[in-house]
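The block underneath contains the structure these notes are about, expressed in structure tokens.
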Amino acid sequence: MKLALTYFNFPFWRAEVSRLALHLGGIPFEDIRPDRDQWMALKASGTLPYGQLPVLDVDGVRYAQTGAIARFCGQLSGLYPTSDPIAALRVDELLDAATEINYELYPTMRVKDPEEKLAMRQALGREQIPRWLTAIETRLLDNETQAYFVGTQMTVADLAIWRLIAWFTSGILDGVPTDLVDKHPALKAHHAAIDADPRIRAWMESHYPSK
């Protein structure tokens, strides 16, 4: 099976979850990271199923949507529970929650006025994002071990939430406090543990030396 995963050259959860799943599973894949000109050409080509990235090519056939790609890559790599429907449901729920949080922030990306954008993000940082973090942390605490979100082994849900939290704490989102996760100790500990995994650390240091 020949795989090619296409997304921009930064560790946003929407693609990094699948990149890392394949890497951790030892699954060979072509890691395509288009620059701006390449992205514009790709978008104009009409070959993107929904006009968006990421996309995954499997033996020359192109597939899209973050959750679908993450589940597929998770199944290939052993990071998705294929034999336990309830565990799979819990993983899917967390992937969808991460997507919903993105939807909360997307409108701010289109605002050109800096003050308006800042005010919108400050409101999100006071209200919606803390509510989401509380809900996600509750799911972590519901698990039999707080080392992972589902079961006793890492899944793509752990990778997704790890990168989502990194996005919030990076300072990239002006107006969103970088210390939001401090009020959620279990979630903060989970993030730190995933981030410290030697395999993940090696990947991050080789692909994003400044992260």
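Ala98 meets each of the listed conditions (1) small (Gly, Ala, Ser); (2) in the same structural domain as Asp158 (by TED's automatic domain parsing); (3) surrounded by fewer than 16 Cβ atoms within 10 Å (Cβ to Cβ) apart from (3). Test Leu5 against the criterion of being assigned to a strand (DSSP E or B), out of contact with any Asp or Glu (no Cβ under 9 Å at 6 or more places or on another chain) and farther than 28 Å from Pro130 by Cβ, and give yes or no. So Leu5 fails the test.
Are there any pairs with C-beta distances below 6 angstrom linking a residue in the range 172-201 that is among the polar types (S, T, N, Q) to a residue that is in a helix (DSSP H, G or I) and crowded, with 16+ Cβ neighbours inside 10 Å, with the two at least 6 apart or on different chains, and if so which? Every condition considered, the pairs that remain are Thr178/Thr169. With respect to Leu79, determine if the residue is part of a loop (DSSP other than H, G, I, E, B), hydrophobic (A, V, I, L, M, F, W, C) and either more than 28 Å from Gln153 (Cα to Cα) or out of contact with any Phe, Trp or Tyr (no Cβ under 9 Å at 6 or more places or on another chain) (or both). It is true that Leu79 is part of a loop (DSSP other than H, G, I, E, B), hydrophobic (A, V, I, L, M, F, W, C) and either more than 28 Å from Gln153 (Cα to Cα) or out of contact with any Phe, Trp or Tyr (no Cβ under 9 Å at 6 or more places or on another chain) (or both).
Within the range 126-146, is there a residue that is more than 23 Å from Asn9 (Cα to Cα), part of a loop (DSSP other than H, G, I, E, B), among the polar types (S, T, N, Q) and in contact with a Phe, Trp or Tyr (Cβ under 9 Å, 6 or more places away or on another chain)? There is at least one residue in the range 126-146 that is more than 23 Å from Asn9 (Cα to Cα), part of a loop (DSSP other than H, G, I, E, B), among the polar types (S, T, N, Q) and in contact with a Phe, Trp or Tyr (Cβ under 9 Å, 6 or more places away or on another chain).
Within the range 153-167, can one find any residue that is exposed (fewer than 15 other Cβ atoms within 10 Å of the Cβ) and more than 17 Å from the chain's Cα centre (by Cα)? Yes, the range 153-167 contains at least one residue that is exposed (fewer than 15 other Cβ atoms within 10 Å of the Cβ) and more than 17 Å from the chain's Cα centre (by Cα). Exactly one residue out of Glu30, Glu93 is of a type in the set (D, E, K, R), under 20 Å from the mean Cα position of the chain (by Cα), at pLDDT 95 or above and within 16 Å of Val156 (Cβ to Cβ): that is Glu93. Taken together, Ser45, Ser77 contain a single residue that is over 27 Å from Ala135 (Cα atoms) and touching a Leu at 6+ places or on another chain (Cβ under 8 Å), which is Ser77.
Kindly evaluate Leu42 against the criterion of being more than 22 Å from Pro209 (Cα to Cα), in contact (Cβ under 8 Å) with a residue 24 or more places away in the chain, in a loop (DSSP other than H, G, I, E, B) and not β-branched (Val, Ile, Thr). Spelling it out, it is not the case that Leu42 is more than 22 Å from Pro209 (Cα to Cα), in contact (Cβ under 8 Å) with a residue 24 or more places away in the chain, in a loop (DSSP other than H, G, I, E, B) and not β-branched (Val, Ile, Thr). Checked against (1) surrounded by 13 or more Cβ atoms within 10 Å (Cβ to Cβ); (2) touching a strand residue (DSSP E or B) at 6+ places or on another chain (Cβ under 6 Å); (3) free of Cβ contacts under 8 Å to residues at least 24 places away in the same chain, Leu56 passes all but condition (3).
The values are calculated or read from the model by the stated rules, or taken from the named source; none is laboratory data. Predicted, not measured: the structure shown is a model, and the values here were computed from it. All Cβ positions, even for glycine, are placed from backbone atoms using ideal geometry, and neighbour counts span all protein chains on display.
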